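The values are calculated or read from the model by the stated rules, or taken from the named source; none is laboratory data. Keep in mind that what you see is a predicted model, and the values were worked out from it rather than measured. Note that we place each Cβ from the backbone using ideal geometry, even for glycine, and neighbour counts take in every protein chain shown. Ligands, DNA and RNA are stripped out before the accessible areas are found, and what is left, the full protein with its side chains, is counted by its heavy atoms. Shrake-Rupley method; radii C 1.70, N 1.55, O 1.52, S 1.80 Å.
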Amino acid sequence: MQNISTIPPTSSRRMLAEWEEQSAILLAFPHKNSDWEYCIDEIRECFCRIIALIIQFEPVLICVDTRDKDGLLLLYDRFANTKAESIELSPYTSIQLSKDITLAFVPTNDVWARDFGAISVESKPHTLYLLDFVFNGWGLKFAANFDNQITKKLHEMQLLQGTLESLPFVLEGGSIDTDGCGSLLTTSACLLESNRNQTLNKRDIEQMLCTTLGVSRVLWLDFGYLEGDDTDSHIDMLARFVAKDTIAYIGCDDKNDIHYEPLRAMEQQLQSFRDVQDNPYKLIRLPFVRTIYDENGTRLPASYANFLFVNGALLVPTYNDPNDTLALKLLAQALPHLKVLGVDARDLIKWHGSLHCISMQLYK
């Protein structure tokens with residue numbers, strides 16, 4: 001049942017694992033000119049809580065849409081010691097809101113920094129590359145004309161460290177996960193979806209991943225999905241590395257749930273995977289979140305796998321669910337060297353994403 005492709009190394013690069021030392025977390029603040037308009041106050045409050053938590057561990061770089069004066073005023077009110085009445089939203093400028101918060105004024109479509117943010121790799125001698133892949137709104141589902149330009153603009157504003165490399169290849173950060181040692185975890189449903197890189201076959205895509213990211217093994221998950229996920233099964237909703245030999249993943253125990261069989265097949269495939277030493281991976285089975293629907297009756301893709309590493313901690317989305325405590329306990333037992341903290345993600349999931357989806361780690 002294994003679907004692991006081993007590719008002869010063609011690059012001296014190495015994609016950095018998310019638990020390695022970070023310099024900041026990239027976010028994009030929600031604004032009214034987006035799908036969040038109907039609940040803008042709630043989602044902004046949610047973001048402010050998340051920002052306040054992250055800056056306990058490391059700085060944040062926040063993209064503020066150039067039309068969003070209200071958002072700027074709120075950020076000033078919550079995190080600065082001065083008033084913002086005289087501050088202008090001048091495109092492609094930035095301000096230091098506090099010692100831990102930098103604001104960058106750039107046009108944005110939405111908040112999903114994981115998928116438009118640069119993917120960081122290093123090369124020997126220590127050179128940091130920022131890989132700016134094409135973001136096309138998850139296979140042309142949503143507008144991405146502004147978000148696809150953000151990495152380039154932030155680099156031009158000298159807010160991102162590293163050498164920028166723009167690539168004519170569609171790839172979202174939420175669709176891949178690495179152990180930092182050459183192994184990449186992804187899903188066939190997403191990377192082989194026709195509206196992303198339709199002229200490339202599986203082997204072409206593997207070669208691109210190897211060359212650009214410096215990986216030598218691609219672990220393809222062929223099973224598992226979450227209803228309501230607009231991304232064609234991003235890996236960060238399903239299964240994640242938490243160490244080079246350990247994968248945390250979601251499972252479903254309700255045989256009457258439509259996810260039971262697909263996630264069971266995903267679990268069996270994970271059990272068949274072997275690490276670079278040809279040993280089975282240690283697996284952490286995270287519980288399932290009870291069914292959550294939006295106001296239109298659409299099921300939402302809530303998942304505990306959408307956690308975020310920051311320096312010294314693991315931030316885990318919670319949903320006011322009976323399984324919240326168990327998910328936190330399992331991850332805390334697996335990562336005793338980190339603080340494992342819950343983050344209320346009920347507002348984030350309203351638009352089919354969660355904590356990891358809105359964030360992208362930056363490195364020095």
Completion exercise
Out of (1) open to solvent by 20 Å² or more (accessible area, probe 1.4 Å); (2) closer than 16 Å to Trp138 by Cβ; (3) out of contact with any Asp or Glu (no Cβ under 8 Å at 6 or more places or on another chain); (4) touching a residue at least 60 places away in the same chain (Cβ under 8 Å), the one Gln198 does not meet is (4)
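Of all residues in the stretch 292-319 being hydrophobic (A, V, I, L, M, F, W, C) and farther than 20 Å from Leu331 by Cα, which is least open to solvent (accessible area, probe 1.4 Å)?
Leu300
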Handout entry: Count - residues of the stretch 153-184 that are over 11 Å from Ala118 (Cβ atoms), part of a loop (DSSP other than H, G, I, E, B) and not hydrophobic (A, V, I, L, M, F, W, C)
Key = 5
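Take residues that are loosely packed, with under 14 Cβ neighbours inside 10 Å and tell me which of the strands (runs of 3 or more DSSP E) falling wholly in the stretch 46-150 contain 1 or more.
Numbers: elements: 60-64, 94-98, 101-105, 119-123, 127-134.
Those strands (runs of 3 or more DSSP E) span 94-98, 127-134.
Out of all the residues in the stretch 171-195, which are among the aliphatic types (A, V, I, L, M) and crowded, with 22+ Cβ neighbours inside 10 Å? Spell out the reasoning first.
Initial filter on the stretch 171-195 (among the aliphatic types (A, V, I, L, M)): 171, 176, 184-185, 189, 191-192.
Leu171, Ile176, Leu184, Leu185, Leu191, listed by residue number.
For Ala265, state whether it is small (Gly, Ala, Ser), within 22 Å of Leu330 (Cα to Cα) and surrounded by fewer than 16 Cβ atoms within 10 Å (Cβ to Cβ).
Judged against the criteria, Ala265 is a match.
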Exercise for the section: Considering every residue within the stretch 320-340, establish whether at least one is under 25 Å from Thr6 (Cβ atoms), touching a residue at least 12 places away in the same chain (Cβ under 8 Å), loosely packed, with under 13 Cβ neighbours inside 10 Å and not aromatic (Phe, Trp, Tyr). Expected result: no
Fill in the blank from the handout: When the stretch 1-45 is checked residue by residue, the ones that are of a type in the set (D, E, K, R), out of contact with any His (no Cβ under 9 Å at 6 or more places or on another chain), in a helix (DSSP H, G or I) and open to solvent by 90 Å² or more (accessible area, probe 1.4 Å) are Asp41
Exercise for the section: Return a yes/no flag: does the stretch 230-243 have any residue that is modelled with pLDDT of 95 or more, farther than 20 Å from Trp138 by Cβ, assigned to a loop (DSSP other than H, G, I, E, B) and open to solvent by 10 Å² or more (accessible area, probe 1.4 Å). Expected result: no
Handout entry: Sole exception among (1) surrounded by 17 or more Cβ atoms within 10 Å (Cβ to Cβ); (2) closer than 25 Å to Leu331 by Cα; (3) touching a strand residue (DSSP E or B) at 6+ places or on another chain (Cβ under 9 Å) for Thr246, by number
Key = (1)
Exercise for the section: Could you figure out which of (1) part of a helix (DSSP H, G or I); (2) open to solvent by less than 20 Å² (accessible area, probe 1.4 Å) isn't true of Leu226? Expected result: (1)
Completion exercise
Checked pairs for the stretch 14-35, first under 18 Å from His356 (Cβ atoms) and modelled with pLDDT of 95 or more, second part of a strand (DSSP E or B) and among the acidic types (Asp, Glu), C-beta under 7 Å and 6 or more apart or across chains, list as Leu16/Glu122
Completion exercise
For the stretch 71-82, pairs from a residue that is more than 9 Å from Leu97 (Cα to Cα) to a residue that is part of a helix (DSSP H, G or I), with Cβ under 7 Å and 6 or more apart or across chains, are Gly71/Arg44; Leu74/Arg44; Arg78/Cys48
